[in-house]
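Below is one structure, written out as structure tokens; the observations come after it.
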2 protein chains.
Amino acid sequence: MARILNVIIFFLSVASVAQNRIPELVSPEVNADRTVTFRIYAPSASEVLLECDLLQKGSGPMRLTKNESGVWSVTTVALPSEMYLYNFQVDKVRTLDPNNAFVIRDVGNVFGMFFVPGGKADDYLVRDVPHGSVIHVWYDSPSLKTNRRLTVYTPAGYETSKENYPVLYLQHGAGGDEDAWLQLGRTAQILDNLIASKKAKPMLVVMANGNAGQTAAPGESSAPMKKPVFIQPDMFSGNTEKAYPEVVAFIESRFRVKKDKASRALAGLSMGGMHSLVISANNPELFGYVAVFSSAMLWPKEAPGEVYKDFDRKLEAQKKAGYKLYWIGIGTDDFLFEQSNTFRKKLDAMQFKYVYKETAGGHTWSNWRDYLTEFVPLLFR
Amino acid sequence: MARILNVIIFFLSVASVAQNRIPELVSPEVNADRTVTFRIYAPSASEVLLECDLLQKGSGPMRLTKNESGVWSVTTVALPSEMYLYNFQVDKVRTLDPNNAFVIRDVGNVFGMFFVPGGKADDYLVRDVPHGSVIHVWYDSPSLKTNRRLTVYTPAGYETSKENYPVLYLQHGAGGDEDAWLQLGRTAQILDNLIASKKAKPMLVVMANGNAGQTAAPGESSAPMKKPVFIQPDMFSGNTEKAYPEVVAFIESRFRVKKDKASRALAGLSMGGMHSLVISANNPELFGYVAVFSSAMLWPKEAPGEVYKDFDRKLEAQKKAGYKLYWIGIGTDDFLFEQSNTFRKKLDAMQFKYVYKETAGGHTWSNWRDYLTEFVPLLFR
């Protein structure tokens with residue numbers, strides 16, 4: 001037993017050096033009553049704030065208070081079930097919670113994350129249900145003259161069944177990439193849970209990179225590892241939309257999927273909503289289901305892409321070609337809310353049918369996870 | 001154009017709110033001369049330190065100095081090509097670099113990461129070569145009575161060729177999980193680069209979770225999201241080793257692989273080295289290639305698992321059954337160096353042949369990436 005103790009003591013000492021002898025704290029601590037306690041050891045700080053978009057709602061960051069041991073803490077009120085992102089500000093320095101090993105990147109910033117279960121977050125949490133596979137695979141894009149990284153979710157049972165499956169294509173927003181829906185959107189967990197509870201049909205979900213100038217998420221390509229930014233220079237080039245049928249062709253050549261319009265859905269958020277709008281109108285025979293979440297619904301008149309030209313005529317052709325469902329979801333606080341209303345008036349005037357979901361809230365992943373959770377059960381019926 | 005400007009201005013304002021109006025800094029900046037500059041805005045701090053194991057080498061953290069704008073900075077000497085993990089300490093608070101979007105978790109701590117290219121880090125960087133796929137898939141473990149998450153790398157061309165491929169099984173160390181070799185070990189990049197340059201044969205790499213009490217990496221299972229720790233209570237239960245043939249059986253039933261001993265390799269680091277040692281000796285007909293990196297070579301006499309019993313006899317049987325290569329790599333600063341020497345003396349006495357690679361350095365991912373890069377080209381020849 002001496003030997004094992006030696007090994008363990010050594011491991012513990014390695015662990016302790018790595019932690020710089022700072023006291024171990026539990027943070028965040030999600031309490032049974034749904035309050036959450038945050039703690040950080042900062043003995044010489046004069047101010048510690050907690051920044052969390054979903055908690056603040058205009059009231060500004062929460063203020064932590066220090067105890068005699070140099071540990072700052074604050075406990076929230078009981079919180080709605082949700083996935084939360086946060087960070088501290090210690091004397092104006094943005095600081096990730098050093099006791100939280102669970103972090104997530106949103107565009108150029110990294111946040112600590114936690115879940116308050118017991119409500120809608122249960123849709124996003126990993127539960128003891130059959131799990132699909134998640135695949136990062138590269139495909140060739142002849143029109144973009146490169147190979148590109150793609151994220152594919154295949155449902156539990158895909159590998160062993162002989163069935164062909166329908167496919168949902170899911171596009172991220174500005175500043176995102178092929179990992180955004182998987183990480184921030186919790187797509188694999190949402191699909192696992194909806195399929196296990198028979199609320200959704202088993203389907204593949206394909207998450208492409210919607211930035212035509214990128215081959216992969218930052219850090220996953222040979223491009224320099226610079227801090228990711230919101231606005232890509234080619235945002236309105238039309239190249240993503242033009243090249244998109246290559247994604248569909250790749251998936252249909254590589255995976256065991258159904259290849260008819262009624263078995264293909266396309267959805268996206270924000271910029272990716274615009275992609276879904278434009279791609280589906282340019283390819284009226286491709287997608288039986290289309291959804292736009294908090295979507296950009298316009299592009300500059302000068303946008304060079306052929307895909308943006310004659311757009312009303314393209315919408316008419318899409319209407320004529322027919323579709324199973326056209327779904328529009330947006331929150332009343334969204335900065336694109338008026339844009340969405342204007343676009344819907346155009347659709348109304350054309351008698352272009354759609355289902356409209358208006359929610360509270362704004363341009364947030366909280367809404368986008370909700371819209372996905374609501375849209376996916378409507379598919380392939 | 002007014003419309004697009006509105007959209008862009010709004011996006012930029014969202015981005016700016018998210019960044020709390022803190023000045024944008026480039027950090028870390030890898031300079032052309034291989035020095036690296038770190039910067040952080042901390043106007044009211046009285047001390048800012050840079051912690052980086054590979055930089056410090058016993059000399060302690062580096063000290064940043066403040067300019068009149070409240071920006072602290074430090075520039076290193078020219079650094080060896082490597083993948084580096086670091087964090088700041090701002091007035092004793094562990095702080096991730098807020099300007100670095102590239103972070104990585106090692107056991108319970110998150111670090112900023114960067115690469116100094118132009119040498120061995122080029123083996124780990126994403127390069128413009130054909131890329132394999134990375135798959136997260138769940139398999140059933142009858143003996144552990146659960147399903148478990150597994151990471152599989154398939155080489156470029158796997159999906160379209162008709163060939164069967166050999167397989168390298170790769171085990172992580174204490175505190176790790178099925179993501180450790182992929183993230184910290186850069187397995188996919190190392191394999192992509194070695195295969196593209198024809199230094200290695202195309203092969204699958206399978207990274208299982210070596211903690212019998214875990215079904216998946218922290219945050220990827222339904223277990224509570226607690227800070228990951230180094231020592232798992234079942235570390236010497238023998239359950240991981242006993243259940244391991246189920247991983248092989250799953251891979252051989254699901255993937256297009258060769259199923260003979262000469263087409264199977266097993267390697268691991270630290271605790272995973274011990275797993276490789278024990279699994280291969282208990283299954284002398286399974287693996288033609290075995291490697292142990294910085295390996296634990298012993299277990300407590302009281303360890304309950306049948307897999308640890310009569311071990312010398314098992315090694316004799318493994319020797320008799322034969323193998324292509326038994327590879328031992330360790331650094332002279334490793335805390336397991338003496339243990340490794342003792343074990344090698346036993347092998348020598350038994351005339352159990354092995355290749356021995358002694359390097360500088362200790363129990364580090366830097367060494368483990370090097371060992372992988374050296375071992376993989378020896379496989380399946």
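Rule-based calculations on the coordinates, nothing more; no lab input. Every value quoted in this text rests on a predicted model; they were computed, and no experiment measured them. Note that we place each Cβ from the backbone using ideal geometry, even for glycine, and neighbour counts take in every protein chain shown.
Please work out whether chain A counts as rounded, prolate or oblate from its C-alpha gyration tensor, where a ≥ b ≥ c are the square roots of the eigenvalues and a/c under 1.5 means rounded, while otherwise a/b larger than b/c means prolate and anything else oblate?
Prolate, since a/c reaches 1.5 and a/b exceeds b/c.
Please report, for A:ASP310, the nm distances (one decimal) from its label point, 7 Å out from Cα along the beta-carbon direction, to the equivalent points in the remaining copies, shortest first.
8.1
Using only alpha carbon pairs under 8 Å that are at least six residues apart, calculate the relative contact order of segment A:22-118 and give it in whole percent.
It rounds to 29 percent for segment A:22-118.
In cubic angstrom, how much convex hull volume per residue do the alpha carbon atoms of the protein assembly as shown span?
Each residue corresponds to 160 Å³ of Cα convex hull volume.
Please list the radius of gyration and Dmax for segment B:21-116, considering alpha-carbon atoms only, with Å as the unit.
12.6, 38
Any idea what the dipole of chain B comes to, in debye rounded to 20, about its Cα centre with Lys/Arg Cβ at +1 and Asp/Glu Cβ at -1? Don't jump to the answer; show the numbers that get you there.
Numbers: 43 positive and 40 negative charges, 173 e Å.
Using Cβ point charges on Lys, Arg, Asp and Glu, chain B gives about 840 debye.
If I model a spin label at A:LYS346 and A:LEU378 as a point 7 Å from the Cα along the Cα→Cβ vector, what separation in nanometres do I get?
Inter-label distance under the simple model: 2.0 nm.
Distance from the Cα centre of segment A:214-254 to that of segment B:292-363, in angstrom?
One Cα centre to the other: 47 Å.
How far is it, in nm, from the label point at A:GLU316 to the one at B:ALA262 when both lie 7 Å from their Cα along the line to the Cβ?
7.0
Give me Rg/Rg_expected for segment B:93-157, where Rg uses Cα atoms only and Rg_expected = 2.2 N^0.38 Å with N residues.
Segment B:93-157 yields a ratio of 1.61.
In which sequence would B:HIS275, A:HIS136 go, from the one with the fewest C-beta neighbours within 10 Å to the one with the most?
Result, fewest neighbours first: A:HIS136, B:HIS275.
Using DSSP to call loops (not H, G, I, E or B), can you name the trypsin sites (Lys or Arg not before Pro) in segment B:133-179 whose Cβ has at most 12 other Cβ atoms within 10 angstrom?
B:LYS145, B:LYS162
Counting only helical runs of four or more DSSP H residues, what would the 222 nm mean residue ellipticity of the protein assembly as shown come to if each run contributes -39,500 (n - 2.57) and the total is spread over all its residues?
-8000 deg cm²/dmol
May I ask for the Rg/Rh ratio of segment A:155-300, computed from Cα atoms with Rh as the Kirkwood radius, given to two decimals?
0.97
In segment B:21-116, with Lys and Arg counted as +1 and Asp and Glu as -1 at Cβ, which of these residues, B:SER69, B:PRO28, B:LEU55, has the Cα nearest the positive end of the dipole, that is, farthest along it?
Projecting each Cα onto the dipole axis, the largest value belongs to B:SER69.
Taking the Cα centre of segment A:284-381 as the origin, how large is its charge dipole in debye, to the nearest 20, when only Lys and Arg (+1) and Asp and Glu (-1) carry charge on their Cβ atoms?
400
How high is the relative contact order of segment B:148-229? Use alpha-carbon pairs under 8 Å, at least six apart in sequence, and give a whole percent.
Relative contact order, segment B:148-229: 45 percent.
Would you kindly work out, in nm and rounded to one decimal, the distances from the label point of A:GLY60 to those of the same position in each other copy, ordered shortest first, with label points 7 Å along Cα-to-Cβ?
3.9
Just to check I understand the Karplus step: with θ = phi - 60° and J = 6.51 cos²θ - 1.76 cosθ + 1.60, what whole-Hz values come out for segment A:196-211, glycine and proline as x?
4, 8, 6, 7, 10, 6, x, 8, 7, 10, 10, 10, 8, 7, x, 9
Taking H placed 1.01 Å from N in the peptide plane, check which residues at least 5 places from A:GLN232 or on another chain put their amide H under 5 Å from its amide H.
A:GLY175
Going by average Cβ neighbours within 10 Å, how do the peptides B:341-349, A:104-112 rank, with the highest at the top?
A:104-112, B:341-349
Would you mind pulling out the separation of the Cα centroids of segment A:159-184 and segment A:119-148, in Å?
5
Thinking of segment A:280-381 as a set of Cα atoms, what percent of all their pairs are more than 15 Å apart?
Value for segment A:280-381 (Cα pairs over 15 Å): 64 percent.
For peptide B:85-94, how many partner chain Cβ atoms fall within 10 Å of a residue's Cβ, on average?
Per residue, the number of nearby Cβ atoms from other chains is 6 on average.
As a footprinting exposure proxy, order A:TYR371, B:TYR84, B:TYR354 by other Cβ within 10 Å, with the fewest listed first.
Arranged by neighbour count, lowest to highest, A:TYR371, B:TYR84, B:TYR354 become B:TYR354, B:TYR84, A:TYR371.
What is the sum of charges around A:VAL103, taking Lys and Arg as +1, Asp and Glu as -1, for the other residues whose C-beta is under 10 Å from the C-beta of A:VAL103?
Around A:VAL103, the surrounding residues sum to +1.
Over the Cα atoms of segment B:65-108, each weighted equally, I'd like the Debye log10 I(q)/I(0) at q = 0.14, 0.27 Å⁻¹, rounded to two decimals.
Evaluating at q = 0.14, 0.27 Å⁻¹ gives log10 I(q)/I(0) of -0.47, -1.26.
Work out from phi, with θ = phi - 60° and the Karplus expression 6.51 cos²θ - 1.76 cosθ + 1.60, the ³J(HN,Hα) of each residue of segment A:98-109, listed in order in whole Hz, and give x for Gly and Pro.
Using θ = phi - 60°, the values come out as x, 9, 10, 7, 9, 10, 8, 9, 10, 6, x, 10 Hz.
Where a ≥ b ≥ c are the square roots of the eigenvalues of the C-alpha gyration tensor, would you call segment B:219-349 rounded, which needs a/c under 1.5, or, failing that, prolate if a/b is larger than b/c, or oblate?
It is oblate, given that a/c is not under 1.5 and a/b is not larger than b/c.
How large is ³J(HN,Hα), in whole Hz, for each residue of segment A:276-284 in order, when computed from phi with the Karplus curve 6.51 cos²θ - 1.76 cosθ + 1.60 and θ = phi - 60°, using x for Gly and Pro?
After applying 6.51 cos²θ - 1.76 cosθ + 1.60, I find 5, 4, 6, 4, 5, 6, 7, 10, x Hz.
Provide an ascending nm list, one decimal, of label-point separations from A:LYS120 to the equivalent residue in each further copy; define each label point as 7 Å from Cα along Cα→Cβ.
5.0
Report the charge-dipole magnitude of the protein assembly as shown in Debye, nearest 20, computed about the Cα centre from +1 at each Lys and Arg Cβ and -1 at each Asp and Glu Cβ.
Values: 86 positive and 80 negative charges, 337 e Å.
It works out to roughly 1620 debye.
As a footprinting exposure proxy, order B:THR215, B:THR240 by other Cβ within 10 Å, with the fewest listed first.
On the way: B:THR215 22, B:THR240 29.
Ascending Cβ contact count within 10 Å gives the list B:THR215, B:THR240.
Output the relative contact order of chain A, whole-number percent, from Cα pairs under 8 angstrom with separation of 6+ residues. Provide the component values of the computation, followed by the final result.
On the way: 721 pairs, mean separation 44.5, N = 381.
Computed value for chain A: 12 percent relative contact order.
What share of the DSSP beta bridges in the protein assembly as shown is antiparallel, in percent to the nearest 5? Before the final figure, lay out each step's value.
Details: 81 of 131 bridges.
Of the beta bridges lying entirely in the protein assembly as shown, close to 60 percent run antiparallel.
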